[in-house]
Structures are given as structure tokens and as C-alpha cells.
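**Student:** Have a look at the structure that comes next, please.
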Amino acid sequence: MRLLARLTRPLCVAASIFGMLAVLGAFAASGDTVADRVFGQAGSFTTHTANNGGVSASSLSNPSGVAIDSAGHFYVADQLNNRVLEYDSPLTSQTAARVFGQGGSFTTSTANNGGVSANSLNQPVTVAVDSGGRLYVADANNNRVLEYDSPLTSQTATRVFGQAGSFTTNSNGGLGATSLTEPQGVTVDSLGRLYVADYANSRVLEYDSPLTSQTATRVFGQAGSFTTNTANNGGISASSLWNPTGMVVDSAAHLYIADFGNNRVLEYDSPLTSQTATRVFGQAGSFTTNTANNGGISASSLSNPTGMGVDSAARLYIADAFNNRVLEYDNPLASQTATRVFGQGDSFTTNVGNGGDGGASSLLFPIGVAVGNAADLYVADAFNNRVLEYDTPVQPPPSVGGVAQQPAISALPSRTSASSGYQHTTFALAAAAVATSILVAGGTWAARRRHKLNG
């Protein structure tokens, strides 16, 4: 695996008007779309610095995944710092209590610190926690998923998926039911089944409980075959995938997959005896199209969705990354039209990077989503180098129309077609206001999702 076009820093922000507007945005209330707490920016909603104040127990650099366990402990995949941070409950402090991947140190950020091992990480992307308190980490650049058994008093993994049981290798080892190539998503259902978004193989693997075997028992996206990795195998359909990035399973065991390259989310009804999706989000009900913002930016469109979350009432939350927003669907099995939007000042027809007020109500390439035990929403706001928490955001949805847009920067994604299972993606930011400017210097998370560039 060669990341030839990797960009080293996800964000450099310069704002003039936004700085003043963000002060107003900080006055959040429970049940709205303005964040109430921020991790990674020393409590400030108006800064976006990677490792603000230096690499520490309170800094973040391109956070990409979030999870909450049953005790209320909070986990963040701090991707560019090559670590996972744990914040203990109650979350009254934005300082982490435990670190995985750095030999116990909060002040280092080395990839595979000390060498590839059961203690190392190389750009972890997502995290998940099961009902028994076990932690799962998609260790993307090591082509593996690590499991840490409960209680998490040790930062040494106890099980590895994708490396034939070895903690000291990180090759893909040949395509099969035991291999992984750049896994981007991980989730666990209520029965202990593990699901992995095997991104570069354009498939999702399911491992049945108990997880005593690291051999997958079911594959989605490859017509049942464990030895193919074709993007949109057989053509774009209800059973194809192109670079999936995330999954979530609701309380009724329905599976949702973020089909990143196809600009859609697929839903598979329980029981998962079929690898053909039942519903599609983002493509106006069609399983044979994959247009970004199909029909225009709206409450039913998507542009490269990434992570997802569900709450106890089966409401679905999708990180619509290229649209710089998170969408909430109050009854996703009945309607594939979102009822609430975060990151766009309550407008469904804009996709402004750091829109709204540029502070507590803005987002810039959100990747991960999780819902806490009290229905609080957590969003990994990757390019702003922070995680935002919204207190119990569920309420009657706001009016869709009549919301004034902030004249700011429009995110203009462009993309090329797939060749051999990899998506090539580029970002462009176009100025739309003289007094406001945002410079995006790059993003490693996105860089991973746009290669293989030269084999």
C-alpha cells in the first residue's frame, strides 16, 4: 500500500467574519443544532488547530471516529496522532484518561510507535464498543482491526482481524475471508457480531459471535465471494458496494452501510440472510445510480457519506462528509428524507464548509457519529480537529425553508471514476465572500479514500 498523494495536515483556517459570528453560536441549548461541548480545542468553538497547544491528553488531529460505551465512557479515533483516546464518564473534562497506540504516552504521535505490535496503531479511523465493554479499532494503515478486552486496564490488544492472527505484520496477505485492506469502519451488533468496512476491497465483512475465529462468515458487496474486490461488482445495484466506510446496526438488527463511493447509504433488513439491500438513501430511491447530490443538495441527497449512528428510538444519523453536514432521519425505514441537519444553519440546500456561524454550529468534513446513552449526539468534525457534542438534539424538526445562508465558502467536490476498486477524490474550496476565507490545506483521511494512485 502506497499513499503517494498523502497530505500532511487536514486544515488551516483563516476567518474574519466567522470569528465574530462564532461568539453568538456558542450559546447552545439542549435540543438544538448548536454544539454544547467541544473536545480538542481547549474548550473553544472558534479555533480549529491540529494539536492545539501541542500533542497532549486534550488535543486532537483529524479525529475520525467516535464511540460511547454503556458506562458513558467516550472513545475517539485520533487519526493523525496514531492513537485512540478514552475520556471517562462523566464527561465534565475534555482531557483524556487513557491512550491506546502510544505506549501510554499522551505527548507522542508516532505511527507504529515501537514497531508493529499489539500496542501500536497507524492511523486508526473508527472505533466501536460492544455490550461487554470490549473496544474495537479499525487500524487502517496496518490493514487490521484490533480488539481490546474488558476491562480496558491494558492498552495491549488481545485479538487481531486481517493479519492471520499476527500482531507484527500489516500486509494484506492475499484476498480472502481472513484479509483486510485499509478497513475504515467497524461496528458490533447486540448479539456480538462484528462488521468491518473493508474499504479498498469494496466489501463489508461479518464475523459471527463468539469472535473466536478471525475468518469472516458473510460478505456484502461481492456477490457472496470472498476472493473478489471489484468496485460495483456486476454493476451498480442493491448488492454492490464501492469503498464502504461505515456501518451501524439498529436495535431490530437492520444493517446500514455507508457506500462512500456510490454517494449513498444502503439498508439491509433483518435477518441478514440476503446481501441485497432493501432501502437506499441519497439516490432518490434508485439502486442503479450513484450521483453525488442526486437532484441537487436537499434533505434526500448525499455526497460521500462516511460514519453513522442510531439512537434507542431507531433514529438514524449520517455524516454526509462532502456536504459538511450530519443528517438526522427520524423514521428511516419509512422515509429516506432527513428531518434535521447539523452544520448548515438548519438549511438542507447548502453545503458550506464551516457554514452557519463558523463555530459551534458549523462542520468541516464530519466523519464519525455516535449517540450516547442520554441521546446526546457526538460528531467527529475531522477537518476542524475537534469532536462536538450536542445535548439531546432530538426535538420537532425545524423549518426547512426561510433560513438565511451565510456567504462563505462552498465545498466543491470533484471525483473520477473507479478503476480497480479505489476511488480518487479531490477537494476544492471556492471563495464566495470577499471578507471571509477558509483555506483547506489537505486531508489524510480523504487522501486514503482517493488512491491507489500509482499501484
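**Student:** Spot the failing condition for residue 137; the list is (1) open to solvent by less than 60 Å² (accessible area, probe 1.4 Å); (2) in a loop (DSSP other than H, G, I, E, B), and only one is missed.
**Tutor:** The number of the failed condition is (2).
**Student:** Separate question: Restricting to the stretch 83-100, what's the tally of residues that are touching a strand residue (DSSP E or B) at 6+ places or on another chain (Cβ under 7 Å) and under 25 Å from residue 111 (Cβ atoms)?
**Tutor:** Here the count works out to 11.
**Student:** Can you tell me how many residues within the stretch 266-288 are open to solvent by 30 Å² or more (accessible area, probe 1.4 Å) and either within 28 Å of residue 390 (Cα to Cα) or not in a loop (DSSP other than H, G, I, E, B) (or both)?
**Tutor:** 1
For every residue, the table says whether it meets (1) in a loop (DSSP other than H, G, I, E, B); (2) open to solvent by 30 Å² or more (accessible area, probe 1.4 Å).
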| site | (1), (2) |
| --- | --- |
| 77 | no, no |
| 85 | no, no |
| 90 | yes, yes |
| 93 | yes, yes |
| 106 | yes, yes |
| 111 | yes, yes |
| 116 | yes, yes |
| 127 | no, no |
| 133 | yes, no |
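**Student:** Against the condition more than 19 Å from residue 373 (Cα to Cα) and of a type in the set (Val, Ile, Thr), how does residue 92 come out, does it pass?
**Tutor:** no
**Student:** Taking interchain pairs and intrachain pairs at least six residues apart, which have beta carbon atoms under 8 angstrom, with the first residue in the stretch 50-65 and more than 12 Å from residue 38 (Cβ to Cβ) and the second of a type in the set (D, E, K, R) and not in a strand (DSSP E or B)?
**Tutor:** Within 8 Å, the pairs are 50/9.
**Student:** Sticking with this structure for a sec: Pick from 35, 71: which is assigned to a loop (DSSP other than H, G, I, E, B), surrounded by fewer than 21 Cβ atoms within 10 Å (Cβ to Cβ) and of a type in the set (A, V, I, L, M, F, W, C)?
**Tutor:** 71
**Student:** Quick check on the stretch 148-156. Is at least one of its residues in a loop (DSSP other than H, G, I, E, B), of a type in the set (Ser, Thr, Tyr), surrounded by fewer than 21 Cβ atoms within 10 Å (Cβ to Cβ) and within 22 Å of the chain's Cα centre (by Cα)?
**Tutor:** Taking every residue of the stretch 148-156 in turn, none turns out to be in a loop (DSSP other than H, G, I, E, B), of a type in the set (Ser, Thr, Tyr), surrounded by fewer than 21 Cβ atoms within 10 Å (Cβ to Cβ) and within 22 Å of the chain's Cα centre (by Cα).
**Student:** Output the number of residues of the stretch 300-351 satisfying the condition of being of a type in the set (Asp, Glu) and over 17 Å from the mean Cα position of the chain (by Cα).
**Tutor:** The qualifying residues number 2.
**Student:** With (1) aliphatic (A, V, I, L, M); (2) at positive phi; (3) touching a helix residue (DSSP H, G or I) at 6+ places or on another chain (Cβ under 6 Å) as the list, and residue 314 as the residue in question, which single condition is left unmet?
**Tutor:** Unmet for residue 314, out of (1) aliphatic (A, V, I, L, M); (2) at positive phi; (3) touching a helix residue (DSSP H, G or I) at 6+ places or on another chain (Cβ under 6 Å): (3).
**Student:** Of all residues in the stretch 162-196, how many are among the charged types (D, E, K, R) and open to solvent by 10 Å² or more (accessible area, probe 1.4 Å)?
**Tutor:** 2
**Student:** Suppose the filter is touching a strand residue (DSSP E or B) at 6+ places or on another chain (Cβ under 9 Å), closer than 23 Å to residue 202 by Cβ, among the aliphatic types (A, V, I, L, M) and modelled with pLDDT of 95 or more; does residue 272 pass it?
**Tutor:** No: the conditions fail for residue 272.
**Student:** When you check residue 310 against the structure, is it in contact (Cβ under 8 Å) with a residue 60 or more places away in the chain, surrounded by fewer than 24 Cβ atoms within 10 Å (Cβ to Cβ) and touching a Ser or Thr at 6+ places or on another chain (Cβ under 9 Å), yes or no?
**Tutor:** yes
**Student:** Only one residue in 226, 260 is over 16 Å from residue 283 (Cα atoms) and either touching a helix residue (DSSP H, G or I) at 6+ places or on another chain (Cβ under 7 Å) or not basic (Lys, Arg) (or both), so which one is that?
**Tutor:** Testing whether each residue is over 16 Å from residue 283 (Cα atoms) and either touching a helix residue (DSSP H, G or I) at 6+ places or on another chain (Cβ under 7 Å) or not basic (Lys, Arg) (or both) leaves just 226.
**Student:** Could you please tell me which pairs satisfy a Cβ distance under 7 Å, a separation of 6+ or placement on different chains, a first residue in the stretch 232-244 that is without any contact (Cβ under 8 Å) to a residue 12 or more places away in the chain, and a second residue that is of a type in the set (Ser, Thr, Tyr)?
**Tutor:** The qualifying pairs are 234/240.
**Student:** Name the residues in the stretch 351-371 that are touching a Lys or Arg at 6+ places or on another chain (Cβ under 9 Å), part of a loop (DSSP other than H, G, I, E, B) and open to solvent by less than 10 Å² (accessible area, probe 1.4 Å), would you?
**Tutor:** If the condition is that a residue be touching a Lys or Arg at 6+ places or on another chain (Cβ under 9 Å), part of a loop (DSSP other than H, G, I, E, B) and open to solvent by less than 10 Å² (accessible area, probe 1.4 Å), then 355, 363 are the ones that fit.
**Student:** Filter the stretch 95-104 down to residues that are open to solvent by less than 20 Å² (accessible area, probe 1.4 Å) and over 21 Å from residue 165 (Cα atoms), then give me how many there are.
**Tutor:** Of the residues in the stretch 95-104, 3 are open to solvent by less than 20 Å² (accessible area, probe 1.4 Å) and over 21 Å from residue 165 (Cα atoms).
**Student:** Just to be sure, is residue 221 within 22 Å of residue 303 (Cβ to Cβ) and in contact (Cβ under 8 Å) with a residue 24 or more places away in the chain?
**Tutor:** Yes.
**Student:** Is it fair to say residue 315 is touching an Asp or Glu at 6+ places or on another chain (Cβ under 6 Å), open to solvent by 10 Å² or more (accessible area, probe 1.4 Å) and of a type outside the set (A, V, I, L, M, F, W, C)?
**Tutor:** yes
**Student:** Does the stretch 181-203 contain any residue that is in contact with a Lys or Arg (Cβ under 7 Å, 6 or more places away or on another chain) and of a type in the set (Val, Ile, Thr)?
**Tutor:** Taking every residue of the stretch 181-203 in turn, none turns out to be in contact with a Lys or Arg (Cβ under 7 Å, 6 or more places away or on another chain) and of a type in the set (Val, Ile, Thr).
**Student:** Moving on. Identify the single condition in (1) without any contact (Cβ under 8 Å) to a residue 60 or more places away in the chain; (2) assigned to a strand (DSSP E or B) that residue 47 does not satisfy, given that it satisfies every other one.
**Tutor:** Failed condition: (2).
The values are calculated or read from the model by the stated rules, or taken from the named source; none is laboratory data. For clarity, every value in this text was computed on a predicted model and none was experimentally measured. Methodologically, a virtual Cβ is constructed for each residue, glycine included, from the backbone with ideal geometry; neighbour enumeration extends over all protein chains shown. Keep in mind that these areas ignore ligands, DNA and RNA; they rest on the heavy atoms of the full protein, side chains included. Shrake-Rupley method; radii C 1.70, N 1.55, O 1.52, S 1.80 Å.
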